[in-house]
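Okay, structure first, notes after.
Bear in mind these aren't lab numbers, they're just calculated from the coordinates by the rules spelled out. Note that the structure is predicted; figures quoted are calculated from it, not measured. Counting neighbours? That spans all protein chains shown, and the Cβs are built from the backbone with ideal geometry, glycine included.
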Amino acid sequence: MFMASRTTDGSTYNSAEFGPNLDITLKPIRRTPIESNDSSKRRYLTFGIGYRYLINLDKPSENRMILELTPRYYLPWGILASDGNRFELRIIRGDLTWRYRNRLSLERSFNIKFLQFTPYAQGEVYYYSQFGLWNKDSYAFGLIVPLHRRFEIKPYFQHDNDSRSSTPHVNALGLTLYLYF
């Protein structure tokens, strides 16, 4: 996977993020109820290793090494529960810090005639080593809509709480485009 994104939160944070990721997965044991172009959702366990470079306009640039482990569980009624565990080594201005993120997601696919979509809800908490505390949490709700076997869009609403930010609460609407090759 290769990721490229651009973010603006008000006038205080502008960045571009780039980097590759290698995901290693266990094969599925049975057919899964989730329909998605993302093959990792059909796997019970994914281990990922990656690198990100963040170019910031109003902050120092950042290098990140990423390790991820995501087990997935299939619950009754076709609901997929994912527990994403992400460890990031961060180098900012030559200083090394780390951050741990834990994200719990619930999603379920629906087919109505020719329309397929997957509503989801997720919550994520962040632990920052430089502060020695859990100081950020994030909640998101949205839909994943396949447009073609190679394209998906994800409109969403996200609410962030960050106790160490000058803007401690942020509400955002977003749209993500996924391309599969």
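Between residue 109 and 35, the built amide H atoms are under 5 Å apart, and every one of these is 5 or more places off in sequence or on another chain. Remark: spin-label model distance residue 104-residue 180 equals 2.8 nm, labels positioned 7 Å along the Cα→Cβ axis. Positive end of the dipole of the chain (Cβ unit charges, origin at the Cα centre): among 135, 70, 161, the Cα lying farthest that way belongs to 70. In summary, the aspartates and glutamates within cross-link reach of residue 154, defined as a Cα separation below 13 angstrom excluding same-chain residues under 8 places away, comprise 38, 107.
When the Cα convex hull of the stretch 2-179 is projected onto planes of every orientation, the mean area is 10.8 nm². Connecting C-alpha atoms closer than 10 Å in a GNM of the chain, tell me which of 16, 121, 140 has the biggest fluctuation. The residue that fluctuates most here is 16.
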